[in-house]
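Single-structure report; data block below.
Every read-out reported here was derived from the displayed coordinates using simple, explicitly stated rules and does not represent laboratory data. Since the model is a prediction, treat every value here as computed from it, not as a measurement. Glycine also receives a Cβ, built like all others from the backbone with ideal geometry; neighbour counts cover every protein chain displayed.
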């Protein structure tokens, strides 16, 4: 135990350490590493002590935060976002209300292609400031690590522009960003008759992206009207050969076999999976490819069928959760709202939800050894919640429960203290 720490958190009602060796699947997702009446010591931006109140006697601290019996957890991890984009698409809501399918909106020049036009027109500085605004909001909701996809350029210059913005934000913003190249997000108008030529153009970008360290992962939208399983297989194989990790937008609308492809290629994650087959789910369990589920998107698109999280967890698939923040199919930075969707629509338990938003989410973007857990020696990313226990967040929905966000050992976001903490003292 260190005798001196820079920051000491005391009087923690419930502490979720989420400690784990590797991502969690099946029954292991019921373990949140719960400690009660705990303290956490931080020095040199890292966690140096975790224990019960009595074991911290004698520690001197530069700063002490009295958590007043509140819940404390690791910073949340959002492993699937499209945070860098131009414009917005609120005008499409009327079409959704009329029941116009998303793929039909796309065919009319809306959807992704509408955002592509706005992103192409935007300057890099404009995209930077806009994306920074969204990241600030994510941070305020307790997110400390985020995956950021490109994919709203669909041409060389704009895709590079998006990736450069993400790299700048990784350097400048408190949130840690993990960048994914999603050039194969849709087929642009100019390649409508020759999608293979477009994929070739995107493949030709990979050497430059690798050289300039603009992305760690490559993703593709495998879906009806976009890219086939065969096209996706060849595209991702070439990306893998160049040293990129793989991700797939798989079986979001139609069960094409993208889930099986993700497992076949050893992708780090397969995302969406609303239409994943029984065989695909079995393959995810066998290979350890992480299922990143996006219930906010299913909700916003007005779909009745959600991803089969219960079957996945029961069959030992590693499950993570994300917002899918984007301007068209899930325009929200509120990851806490996704907790409620996961509870009500995916039938996940509170323990499974917390694991899916911390440990498993971190492993889904290659940050399992840095983020998603409170362990001595790791970087100090924590959230103090205005909540009495970890069951409370999925239950009380639509508001922001964050009290304080600590990133790399420093307080980076703080909301007003709750004036009456007596109602938060119950462990029920």
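Just report the Cα centroid separation between segment 1-77 and segment 93-114, whole Å.
Using only Cα atoms to place each centre, the spacing works out to 46 Å.
Can you tell me how much longer the chain between residue 98 and residue 278 gets when fully stretched, taken as 0.36 nm per residue apart minus their C-alpha distance, in nm with one decimal?
61.6 nm
Of [x] 1.00; [y] 1.02; [z] 0.98, which one was derived for Rg/Rh (Cα atoms, Kirkwood Rh) from the structure shown?
Working out Rg/Rh (Cα atoms, Kirkwood Rh) from the coordinates points to [z].
Taking 0.36 nm per residue of sequence separation and subtracting the Cα-Cα distance, how much length would be gained by fully extending the chain between residue 395 and residue 212, in nm to one decimal?
Full-extension gain reported as 61.5 nm.
Counting pairs of alpha carbon atoms under 8 Å apart in space and at least six apart in sequence, what relative contact order in percent does the chain give?
21
If packing is taken as the mean number of other Cβ atoms within 10 Å per residue, what is the order of 155-161, 255-261, highest first?
Most protected by this proxy first, the peptides run 255-261, 155-161.
Run the paramagnetic zone check for residue 19: 7 angstrom along Cα to Cβ, then residues of segment 52-66 with backbone nitrogen under 13 Å.
So the set is 52.
Report, in deg cm²/dmol and to the nearest 500, the calculated mean residue ellipticity at 222 nm for the chain, where each DSSP H run with n ≥ 4 adds -39500 (n - 2.57) and the sum is divided by the residue count.
-9000 deg cm²/dmol
Would you calculate the separation in nanometres between label points at residue 156 and residue 66, each defined as 7 Å from the Cα along the Cα-to-beta-carbon direction?
6.2
Using 17 Å as the cut-off for backbone N distance, which residues of segment 1-42 belong to the label zone defined by a point 7 Å from the Cα of residue 53 along Cα→Cβ?
From segment 1-42, the list is 8-16, 35-41.
Just 165, 319, 64 to compare: in a GNM of the chain, with alpha carbon springs under 10 Å, which one fluctuates most?
Result for the chain, Cα springs under 10 Å: 64 fluctuates most.
Pick from 242, 164, 46: which residue has the top mean-square fluctuation in a GNM of the chain where Cα pairs under 10 Å get a spring?
Judging by the Gaussian network model, the answer is 242.
In nm, give the distance between the simple-model label positions of residue 242 and residue 344, each being 7 Å from the Cα along the Cα-to-Cβ direction.
Computed distance between label sites residue 242 and residue 344 equals 4.3 nm.
Quick one: Cα centre-to-centre distance for segment 339-408 and segment 254-319, in angstrom?
21
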